Amino acid sequence: MRLLQVSWPTLQEFWNARFQGAVPINTLWNLWLPLALRLAKQRQANGQPFIQGILGGQGSGKTTLGAVLTLLLQHLGYRTLSLSLDDLYKTHADRLKLREADPD
């Protein structure tokens, strides 16, 4: 409950900047908060940095989940880095240009 109290203003600001409507309380309470607490507990027990992957289809909320977890974990005192595989590879047009420049 404490995590919800301290993170609520940040979550509302995040949500209002990206979406219309209210923060989805059921999703927050049943998914985001428990997952953030579980990840923090895992990190605390392990004592080592770790990588958490998120897998899902297009439009399933992976980016939103990553952003919300980042906010919640920061409120728990953890530093996070969130990135998408989309950030790492070139566009199809860029790959075609590379292939034309070096067909072998």
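The values are calculated or read from the model by the stated rules, or taken from the named source; none is laboratory data. The model shown is predicted, which means the values in this text are computed figures rather than measured ones. Note that we place each Cβ from the backbone using ideal geometry, even for glycine, and neighbour counts take in every protein chain shown. To get the accessible areas, we keep the full protein, side chains included, count just its heavy atoms, and leave off ligands, DNA and RNA. Shrake-Rupley method; radii C 1.70, N 1.55, O 1.52, S 1.80 Å.
Observations
- Here the contact order of the chain, divided by its residue count and restricted to Cα pairs under 8 Å and six or more residues apart, works out to 29 percent.
- Solvent-accessible area per residue, Å², over the chain with all protein chains present [probe radius 1.4 Å]: 80
- Here the accessible area of the chain is 53 percent carbon and sulfur, with a 1.4 angstrom probe and all protein chains present.
- Cα-based helix-to-principal-axis angle, 2-18 vs the chain, degrees rounded to 10: 40
- Stretch gain in nm, segment Ala45-Tyr89, where the contour uses 0.36 nm per residue and the Cα spacing is subtracted: 12.4 nm
- Using alpha-carbon coordinates, inclination of helix 92-101 to the longest axis of the chain, degrees: 30
- Note on the chain: Cα Rg divided by 2.2 N^0.38 Å, N the number of residues, gives 1.38.
- The chain: most fluctuating residue of Leu55, Leu73, Leu28 per GNM, C-alpha cutoff 10 Å: Leu55
- Listed residues Thr64, Thr91, Thr27, most fluctuating in the chain (Gaussian network, C-alpha, under 10 Å): Thr91
- Rounded tilt (10° steps) of 33-46 against the dominant C-alpha axis of the chain: 80
- Neighbours of Tyr78, meaning other residues whose beta-carbon lies under 12 angstrom from its beta-carbon, give a summed charge of +3 when Lys and Arg score +1 and Asp and Glu score -1.
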